[in-house]
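The values are calculated or read from the model by the stated rules, or taken from the named source; none is laboratory data. What you see is a predicted model, and the numbers here were worked out from it, not measured in a lab. With ideal geometry, Cβ positions are generated from the backbone for all residues, glycine too; neighbour counts draw on all protein chains shown. To get the accessible areas, we keep the full protein, side chains included, count just its heavy atoms, and leave off ligands, DNA and RNA. Shrake-Rupley method; radii C 1.70, N 1.55, O 1.52, S 1.80 Å.
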Amino acid sequence: MAAKQPKVSIIGAGNVGHSAAQWIVSHRLADVVLVDVIEGMPQGKALDLSQAGPIEGYDLAITGTNNYDDTAGSDVLVIVAGVARKPGMSREDLLNTNAGIVASVTKEATRRSPHACVIVVTNPLDVMVYLAYKASGFPPERVMGLSGALDSTRFRTFISREVGVSVEDVSAQVIGAHSDTHMVPLAGSVSVGGIPLRLLLTPERIAAVVERTRRGGAEIVSLLKTGSAFFAPGAAITTMVEAILFDRKRLIPLSAYLTGQYGVRDLYVGVPALLGRNGVERIYEIPLDASDRAAFEAAVQNIRENLALVHKASA
Ligand SMILES: NC(=O)c1ccc[n+]([C@@H]2O[C@H](COP(=O)([O-])OP(=O)(O)OC[C@H]3O[C@@H](n4cnc5c(N)ncnc54)[C@H](O)[C@@H]3O)[C@@H](O)[C@H]2O)c1
């Protein structure tokens, strides 16, 4: 019998949920519980993933369930339940439907795992993480959103291809809102093995890479035609889970609760942060040039407006 492992519960066993589960167990990080409203589906996926254990060499417990009691005592909760926008559904409809789902699943999960860190994934991200924070009653540093970890890995991928170097040598950050129009890829601070990007690419090529990063999610949606990205989101969730479980003190951009940093209060926005066992242990305030500052402020405005729409619908 294997020793007691850390426990990660993933609420929403759809594409992103099962991708995260697969990366987590393949890196041997934790036992995993997959929860969904659909009966049989999380159980089927969990059984399937368990049966890869003898080949991949993991002895972890992988559970699929429709019952939150199975999530009790989790170290990390990943909230990825939600619906995708369907034809005829407005942005506001999507916002309000996912708001209801995220608030209710977060309450169910957090009351059974009062010491967990919560990573919210459901879109629109920066609004959903705020609602999860309120629903949990947790201190804000233990509730965060997946945004920059994914957007930055896309940015790094595109830069490495453009420059012709390994992805490992590219360091790049994306902050702001997790949306096509309001993310802020920080081109000025990209380092390729210590060399500033502007010495390696023309301004036109840098602008093209920034634009492709902004549209990174949409590009995949238009290729897949049904559904959205899940491999890279699952891997980005796994990086955050590992940083928390093993107190890695990783510097990862994520959606964090601001209490005055960047002149913003009582809002979740993507910023560079230090992630460890206690959750978001530090938020870094970095200088932004005029255009990044303007883009960041527009992102803040956009998140506030979306949050106001949810508050209006629930008033
Ligand atoms: N933040 C990010 O970087 C990022 C990246 C990728 C996807 N997303 C978002 O993550 C969410 C999930 O994406 P996906 O591709 O996995 O979608 P999906 O449709 O494959 O999976 C969503 C799952 O949530 C489940 N669900 C719905 N309501 C539920 C409830 N009340 N309780 C439990 N489960 C419930 C559904 O049954 C479904 O299995 C979407 O909102 C998507 O936009 C965010």
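Annotations
- GNM on the chain, alpha-carbon springs under 10 angstrom: the most fluctuating residue among Ala232, Ala299, Ala99 is Ala232.
- Percentage relative contact order, the chain, counting C-alpha pairs under 8 Å, at least six apart: 17
- Span-rule helices in the chain, defined as complete DSSP H runs reaching 30 Å or more along the axis (Cα) with Kyte mean at least -1.0: 91-112, 290-314
- Remark: the chain carries a charge dipole of roughly 240 debye about the Cα centre, counting +1 on each Lys and Arg Cβ and -1 on each Asp and Glu Cβ.
- Options Met240, Pro140, Pro196, ranked by Cα towards positive dipole end of the chain, top entry (Cβ charges): Pro140
- Taking a point 7 Å from the Cα of Ser26 along the Cα-to-Cβ direction, the residues of region 46-80 with backbone N closer than 15 Å to it are 49-58.
- Contact order for region 128-208, expressed relative to its length and based on alpha carbon pairs under 8 Å spaced 6+ residues apart, stands at 20 percent.
- Accessible area of the chain divided out per residue, in Å², using a probe of 1.4 angstrom: 46
- Rounded to the nearest 10 Å², the accessible area of Ser191 at probe 1.4 Å: 30
- Start at zero, step by 10 Å, and the Cα-Cα distances of region 93-153 spread as 24, 54, 21, 1 percent across the bins.
- With a cut-off of 15 Å between beta carbons, the residues surrounding Gln51 carry a summed charge of -2, where Lys and Arg count +1 and Asp and Glu -1.
- Listed by chain and number, the lysines whose alpha-carbon sits under 21 Å from that of Lys7, ignoring those within fewer than 8 places in the same chain, are Lys45, Lys107, Lys249.
- Distance from region 270-312 to region 210-265 (C-alpha centre basis), Å: 13
- Working note: 222 nm ellipticity from helices only, DSSP H runs with n ≥ 4, each -39,500 (n - 2.57), summed and divided by the residues of the chain, gives -14000 deg cm²/dmol to the nearest 500.
- Neighbour net charge for Ser136 - beta-carbon separation under 13 angstrom, K R +1, D E -1: +3
- Distance between region 129-143 and region 43-103 - C-alpha centres, whole angstrom: 18
- Peptides 54-63, 175-184 ranked from most to least packed, by the mean per-residue count of other Cβ atoms within 10 Å: 175-184, 54-63.
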